[in-house]
Amino acid sequence: MGSSVFFFGYPGKPKIAVIEIPFTVINDRSSFEIGAMLDYVRDDGSIKGVVISLNTPGGGAGPSEELYFEIARLREKKPVVVMMEDLVASGGFMMAMAANHVMAKPSSFVGDVGVILSPLPSIIPSRPSDREGVTGPFKLEGGSRRHFVTMTEQLRQAFARIVLSERGGKLRTTKNEILEGNLYTGVEAMQVGLIDSLGGQTDAIAKAASLAGVANFDLVDVNTEVSRVFNQKLERINGPVRFESGLSGGFGAAEIFALLNGATAGVSDETSTLLRDLIDGDSGSLLTLPPPGEASAPSPPMRCPTVF
Amino acid sequence: MLASLSNALWAISRLAFGSALRRVLAIPLLVAAVYLLIALFTFYRGTYDAPEIVDLKFEEITTPISAHAIFTEQPEVRSGLLVIDGAHDNEFDTTEIVSLVTSLADQGITVDFMGVPTGFGGFRRMTSTDRLEMLETKLRQAGGLVVISPREPYSEAEQGLVGRFVEKGGRLLLISDPTRNQQINTLAEEFGLSFQPGVLYNQVDYDLNHHNIFVQDFFADPVTDRLSQVAFYTAGAIRSGGPALAYTDGNTLSTLVEGIEPFYPLARSSQDNVLAVGVITFMTPPQNTILDNG
């Protein structure tokens, strides 16, 4: 009895946090949600280590880089273990590079290092119009095709730098081979040094605990915890809220952030309804990431979106 | 940390063995300290040593630049008619071949397009009967035929017409690349040539992107005369029963062929007057100003 109280009731008992990222395309929205979970584990002093269970085909360059840097900052405070599930490709692989320890299953598909920049401007630039005043010859398209090809090469080198710097001496393959953009099975990735070990989620949790130097720890389901905190904050909001964001039919980080911080005004009825649908819907939580079909909804169209 | 804990325990025990009042006050403190100590050793086995911050030095990434060359040539003035096929739903824009057409015009060669232009740089689709008739008429007057990425196959009758044209000394230039949907092999195979589907790439030495390969090894031929290095953009290999004119280095690979072997993006057929080029955009501005592309 005494030992039970001791082991289960001790307030300073360390925790290992588990963040579940089911199949998710990394875009602004999912990056914001994952970022909120990373913030939670960073700020909770009782959490001593983090396991991120990751399943993603990659996504936008900006959001992927954002998550890479966020995890790298988190790693300065507590150990992070990334558990690669079925697929961790491209931007997801970049994100995983920031972890202290990268683990995969033998049948996981990982890698796909590289960048897609599309659509490139046509080789022959579009004809200028005398009905349009533009301030530069490439203002409309952002540059010539060759300029975009040059940018692609720079992004490729930047991605390579992350992989080579993070994996360092563990790599047993060449930079050129990595940059071919191949997917590797977990077994192959282990052989070429792109990951640290093979195993399952229990192994990942044990590794996080070992890196953190803790034993007899509790587990924290961060997805549930963060959505609980969010729901609590949302419940404090009474009455209709108005926010003239200029958004139509969608909502962004600004609205969610406003609601997370208890804002009572400034969110349009439409946005408020969308948020409430998410909270009251089947998922039960805003921070339950959307299924593949919905998650892959493209970001607002850009001339040349960069995709990892 | 252990030293400070033992000091604290020592201080608490001194208190505990003092007066009765102190003892009463100290016992809970002692119990709490022991509790904390046991907890510490139960839950913590070490401390986390964060790895060093990785300096990615993004600022050291350099912007790749291409080697531009100014092409100067004293054109040899000739005469004749060259027909460019636009009747087989060919996948090219007239602006892509503007430097080729200009160069031919500089040499006094008349260029005639076979097909009905749309006004947007492309050509209208034609019926097979109209096409055959037009091909026959054009080839009767022409000294050369250029076929670029036809999306519609050459019929047997058309193959026969072009075959007889070549036999009589007419020159045939076949151009395509593996990024375009094309049926060029329906004509090329008639002359023992085959455009391969894989895209050539080089991860070691390239112009801006791995698909933009350098070719610097040439066999002696009037076509390759004075060429020292060219850059080909999304090129494909050609297999030929005749002589190859250029071959790639050991770092150039194909997206389809495994293993290292030289690839031939430029080749002649066994008939001397048929030339095949496995790339289109090397002659498109501004890529025609890179190295010897011009």
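The values are calculated or read from the model by the stated rules, or taken from the named source; none is laboratory data. All values derive from a computational prediction rather than experimental measurement. Cβ placement follows ideal geometry from the backbone for every residue including glycine, while neighbour counts extend to all protein chains displayed. These area figures cover heavy atoms from the full protein model, side chains too; ligands, DNA and RNA do not enter into them. Shrake-Rupley method; radii C 1.70, N 1.55, O 1.52, S 1.80 Å.
Go through the stretch A:34-50 and give me each residue that's acidic (Asp, Glu) and more than 15 Å from A:PHE69 (Cα to Cα).
In the first step, residues of the stretch A:34-50 are kept if they are acidic (Asp, Glu); the result is A:39, A:43-44.
Matches in the stretch A:34-50: A:ASP43, A:ASP44.
I need every pair where a residue in the stretch B:40-51 that is at the interface with another protein chain (Cβ under 7 Å from one of its Cβ atoms) has its Cβ under 8 Å from the Cβ of a residue that is assigned to a loop (DSSP other than H, G, I, E, B) and open to solvent by 50 Å² or more (accessible area, probe 1.4 Å), sequence separation at least 6 or different chains.
Close Cβ pairs satisfying both conditions: B:THR42/A:ASN216; B:PHE43/A:ASN216; B:PHE43/A:PHE217.
Given the residues A:SER107, A:SER144, which is the only one that is within 9 Å of chain B (Cβ to nearest Cβ) and of a type in the set (S, T, N, Q)? Step through it out loud before you land on a result.
Working: A:SER107 fails: within 9 Å of chain B (Cβ to nearest Cβ).
Just one listed residue meets the conditions, A:SER144.
Considering only the stretch A:22-53, how many residues are over 22 Å from A:SER90 (Cβ atoms), in a strand (DSSP E or B) and of a type in the set (Gly, Ala, Ser)?
1
Which of the following residues is at pLDDT 90 or above, over 27 Å from A:ARG73 (Cβ atoms) and either open to solvent by less than 50 Å² (accessible area, probe 1.4 Å) or among the small types (Gly, Ala, Ser) (or both): A:GLY181, A:GLY143? Write out each step before concluding.
Values: A:GLY143 fails: at pLDDT 90 or above.
After ruling out the rest, the residue left standing is A:GLY181.
When the residues of the stretch B:201-232 are narrowed to those that are in contact with a His (Cβ under 7 Å, 6 or more places away or on another chain) and open to solvent by less than 30 Å² (accessible area, probe 1.4 Å), which ends up modelled with the highest pLDDT? Give the derivation first.
Pass one, the stretch B:201-232, residues in contact with a His (Cβ under 7 Å, 6 or more places away or on another chain): B:201-203.
When the remaining residues are screened for being open to solvent by less than 30 Å² (accessible area, probe 1.4 Å), the result is B:202-203.
Details: B:ASN202: 92, B:GLN203: 89.
Filtering the stretch B:201-232 for residues that are in contact with a His (Cβ under 7 Å, 6 or more places away or on another chain) and open to solvent by less than 30 Å² (accessible area, probe 1.4 Å), the one modelled with the highest pLDDT comes out as B:ASN202.
If you take the residues in the stretch B:158-197 that are among the β-branched types (Val, Ile, Thr) and in contact (Cβ under 8 Å) with a residue 60 or more places away in the chain, which one is farthest from B:SER269 (Cα to Cα)? Even if it seems obvious, please write down each step before you answer.
Narrowing the stretch B:158-197 to residues among the β-branched types (Val, Ile, Thr): B:162, B:166, B:175, B:179, B:184, B:186.
Filter again for in contact (Cβ under 8 Å) with a residue 60 or more places away in the chain, leaving B:166, B:175.
Numbers: B:VAL166: 11, B:ILE175: 13 Å.
Ranking the qualifying residues of the stretch B:158-197, first place goes to B:ILE175.
Of everything in the stretch B:255-276 that's within 22 Å of B:ASN181 (Cα to Cα), open to solvent by 10 Å² or more (accessible area, probe 1.4 Å) and not aromatic (Phe, Trp, Tyr), which residue is nearest to the other protein chains (Cβ to nearest Cβ)?
Ranking the candidates gives B:THR255 first.
Can you find, within the stretch A:38-85, the residue that is nearest to the other protein chains (Cβ to nearest Cβ) among those that are small (Gly, Ala, Ser) and surrounded by fewer than 22 Cβ atoms within 10 Å (Cβ to Cβ)?
Residues of the stretch A:38-85 that are small (Gly, Ala, Ser), as a first pass: A:45-46, A:49, A:53, A:58-62, A:64, A:72.
Then drop every residue that is not surrounded by fewer than 22 Cβ atoms within 10 Å (Cβ to Cβ), which leaves A:45-46, A:53, A:62, A:72.
Numbers: A:GLY45: 13, A:SER46: 11, A:SER53: 21, A:GLY62: 14, A:ALA72: 7 Å.
So the residue we want is A:ALA72.
Which one is nearest to the chain's Cα centre (by Cα), of the residues in the stretch A:110-166 that are among the aromatic types (Phe, Trp, Tyr) and within 22 Å of B:ASN288 (Cα to Cα)?
A:PHE148
Does the stretch B:192-203 contain any residue that is part of a loop (DSSP other than H, G, I, E, B) and either away from chain A (no Cβ under 14 Å) or over 30 Å from A:GLY181 (Cα atoms) (or both)?
Step one: of the stretch B:192-203, the residues part of a loop (DSSP other than H, G, I, E, B) are B:192, B:203.
Now restrict to residues that are either away from chain A (no Cβ under 14 Å) or over 30 Å from A:GLY181 (Cα atoms) (or both): B:192.
Yes.
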